[in-house]
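In what follows, a single structure is set out as structure tokens and then discussed.
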């Protein structure tokens, strides 16, 4: 979901997920206005909901690993699937779009923390100041609800798919439109707050450049983890979280150190410098197990 500064979507990036999840085969980087004429897939190319869910089910079951909180139980994942389907049907939003957004924003981790960059974004869809979550920490692990109640999971989907008092959800952004281009435009708006005047969906205004392209690929059934690309790997787009969702990777600074900027995450810093998040944490014990960053902080690289 978007913030004042275009929400670097998941500040810590729904981003430090294990690289074992990565399957990039079949990913196509789409650019332009989201139209079939510009090469984007039409809705006839989208996979069935169950195909997408089944492809990502293993990833969802391990989606909280990177944050070092308990992974979803089978019941919690089942509740998540059910909530996506029921809320989507009740509000005339394609369930595949909601699922793709959940995967983009949180990978489906029901105990994902809130992110904050001027606006608080909680829950599996990192919505706009919503009231449903099972981790009350902001950019750190806080008090957890374990198990995460089905009502809370449903509320997270409601807040993202429908909206909150403070921000639009997918259904309001779509305004009844169901064509593929409108879905891709809605994904751009959900992530960064607007579509560029030239219609280019990779123009992210500081948010995730690949967000709409990622959504398109997920809806086609392509299984991948945008937040687990390692140094030297061919990432699908210039920028990679949760929704997941981060800004462009920071460059390595001379002398083996890096000064943290607003919007950085441990993952973006680590991958830009050929490290894993665990290695970055080991070099910088003060980060703690939550890998908490502060702008202006100097890290050993």
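The values are calculated or read from the model by the stated rules, or taken from the named source; none is laboratory data. Note that the structure is a prediction, hence the values are computed from the model and not measured. Neighbour counts are summed over all protein chains in view; Cβ atoms, including those assigned to glycine, are modelled from backbone coordinates with ideal geometry.
Any idea which of (1) modelled with pLDDT of 95 or more; (2) farther than 19 Å from residue 192 by Cβ; (3) surrounded by fewer than 22 Cβ atoms within 10 Å (Cβ to Cβ) is the one residue 132 doesn't satisfy?
(3) is the only condition that residue 132 fails.
Please tell me if residue 166 is out of contact with any helix residue (DSSP H, G or I) (no Cβ under 9 Å at 6 or more places or on another chain), modelled with pLDDT under 95 and either in the same structural domain as residue 85 (by TED's automatic domain parsing) or within 24 Å of residue 94 (Cβ to Cβ) (or both).
Working: out of contact with any helix residue (DSSP H, G or I) (no Cβ under 9 Å at 6 or more places or on another chain): yes; modelled with pLDDT under 95: yes; either in the same structural domain as residue 85 (by TED's automatic domain parsing) or within 24 Å of residue 94 (Cβ to Cβ) (or both): yes.
Taking the combined requirement at face value, the residue satisfies it.
Given (1) surrounded by fewer than 17 Cβ atoms within 10 Å (Cβ to Cβ); (2) at pLDDT below 95, where does residue 57 come up short, assuming only one miss?
With (1) surrounded by fewer than 17 Cβ atoms within 10 Å (Cβ to Cβ); (2) at pLDDT below 95 applied to residue 57, the lone miss is (2).
Checking residue 142 against (1) over 29 Å from residue 45 (Cβ atoms); (2) surrounded by 19 or more Cβ atoms within 10 Å (Cβ to Cβ); (3) over 17 Å from the mean Cα position of the chain (by Cα), which single condition isn't satisfied?
(2)
Can you pull out the helices (runs of 4 or more DSSP H) entirely within segment 202-299 that have at least 1 residues that are surrounded by fewer than 17 Cβ atoms within 10 Å (Cβ to Cβ) and modelled with pLDDT of 70 or more?
Answer list for segment 202-299: 277-283.
Any residue that is buried (at least 23 other Cβ atoms within 10 Å of the Cβ) and either assigned to a helix (DSSP H, G or I) or outside the structural domain of residue 173 (by TED's automatic domain parsing) (or both) - is there at least one of those in segment 64-74?
The answer is yes; a qualifying residue exists.
Which ones in segment 100-117 are more than 9 Å from the chain's Cα centre (by Cα) and part of a loop (DSSP other than H, G, I, E, B)?
108, 109, 110, 111, 112, 113, 117
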